[in-house]
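Values quoted throughout were computed directly from the atomic coordinates according to the rules given, and no laboratory measurement underlies them. From a predicted model like this one, the values you see are computed outputs, not experimental measurements. Positions of Cβ are generated from backbone atoms using ideal geometry, with glycine treated the same way; all protein chains shown enter the neighbour counts.
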């Protein structure tokens, strides 16, 4: 593995100094920045534009105990049960207990959570929840509306600078192994030195052929942290959302159909029109995501089709268009009327339970380096994330990171003197290599896995990485492809080590 991807003499790079550098402008990144002391200068690096994060796509909502008939004890039980028995119980307890306070903070920022006619929060139930506890905004526009308010709030902080179109190349470490800055790339390399770095770059979605994630989500932060020496954890646990709209002619998934549609009465039917979750799990269509995705996969395989159907025709047009305005409009554009037509759906890569191992304060195994959100692995999700706990995790552990950084008195590490070897072989054919990576991961490290397929994918990725080791990676796309191949390899190695099926990691040879 290459220690550094940058290929320029260190002393030739311009350098800017901050107290804190946050990489990623989604919910975890902005929420962390928002709670930093104003005496700390902070740069937030965003790979594309600020509004092109996964958070803004979130439909379902935020899970938190806000109803009198609910209890944090029950939320914890649901979280641990969905996690297939391997979640970090104490950190999961911290998350659900802190959740209501973070909701109050969002409300104070003006986040417009939906209310019912009586003026109380409108909550809904999603997969594997035993109570209605998922808050939402604008029906199914939760992520976008939360991000709108956070962007406004962060813009008012004089100590925070947003740097768009900055690709994270490397995390720098000094002579004592402590993180001391990052190398970023826009039109050229630059160094941002800091006392604390927070990786909030999201998951690994583009590593797979079909994903709900933004095009920019290529595991860059996870790969960069690993190259700097950070420990990775639970890399085998990749969550597939059961229901993305499937264009049956092209074989491509178009957009997510929120689990909340099933929470409002949606029923999954096979191509023959028969409901099939009855008898497969006690929660039927609201079983944990790994169970539902796997059952859909098996139904598709049995029928030889690329989709099943979601039936919500028991609900009226008025209800559906108001409760799910975005989904209703998207379906309509595809010629599907939700109130009268069955919706063609298929599972698609959605979330990553693994990532950079962190403690309760977001600290990684590298001193001065933190992580939060989907790039981090706190262990709260175990082998399968409970629906709508993702935004909750960003809020709680973003807060934890900020609190620790605010009180930490660490001094800046001395920047290293580095002169990486310059690669001279021809540039990378990124399009063909990326296609190969995504096909290998989708076909052999997807919903159902086995030793033979995983070994085949691993061999393919080893070949790609061996070739990339000697290539010129001096631009964003080649570095992305390297990160994708590295992250894919880590997922497969972890999947090979876990011989037994657990949660989202399902082996048909175990």
**Report entry** Fully extended contour minus Cα-Cα distance, from residue 499 to residue 340, at 0.36 nm per residue
**Finding:** 52.8 nm
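Order these by the 10 Å Cβ neighbour count, fewest first: 183, 470.
On the way: 183 23, 470 11.
So the residues, fewest neighbours to most, are 470, 183.
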Requested in this report: Under 1.5 on a/c is rounded, so check that first for region 243-348, then, if it is not, pick prolate when a/b is larger than b/c and oblate when it is not; a ≥ b ≥ c are the square roots of the alpha carbon gyration tensor eigenvalues.
Outcome: oblate
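Tell me, 129, 210 in order of fewest to most beta-carbon neighbours within 10 Å?
Values: 129 26, 210 19.
Ordered by Cβ neighbours within 10 Å, fewest first: 210, 129.
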Query - Counting all C-alpha pairs of region 325-440, share separated by more than 17 Å (%) - result: 74 percent
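Using just the helices of the chain, give the 222 nm mean residue ellipticity in deg cm²/dmol: DSSP H runs with n ≥ 4 each add -39,500 (n - 2.57), and the total is spread over all residues, rounded to 500.
Numbers: 13 runs with 170 residues, N = 510.
Computed ellipticity for the chain at 222 nm equals -10500 deg cm²/dmol.
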Requested in this report: Quick one: P(r) of the chain from all Cα-Cα pairs, 10 Å bins, percents rounded to integers, in order of increasing distance.
Outcome: 4, 20, 31, 27, 14, 4, 0
Query raised in the report: What ranking do 192-198, 35-41, 165-171 get when scored by the average of other Cβ atoms within 10 Å per residue, highest first?
Result: 192-198, 165-171, 35-41
Query raised in the report: Nearest 10 degrees, 0 to 90: what angle lies between the long axis of helix 289-303 and the longest principal axis of the chain (Cα atoms)?
Result: 70 degrees
Report task. Run the quick spin-label model on residue 48 and residue 469: label points 7 Å from Cα toward the beta carbon, then report their separation in nm to one decimal. Result -> 3.3 nm
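Hey, fewest Cβ within 10 Å first, where do 350, 475 land in order? Write down the numbers at each step before the final one.
Values: 350 25, 475 14.
Fewest-to-most ranking of 350, 475: 475, 350.
If packing is taken as the average number of other Cβ atoms within 10 Å across a peptide's residues, how do 266-277, 376-387, 12-23 rank, most packed first? Please list the in-between numbers first.
On the way: 266-277: 17.2, 376-387: 26.8, 12-23: 19.2.
Those peptides, ordered most packed to least, come out 376-387, 12-23, 266-277.
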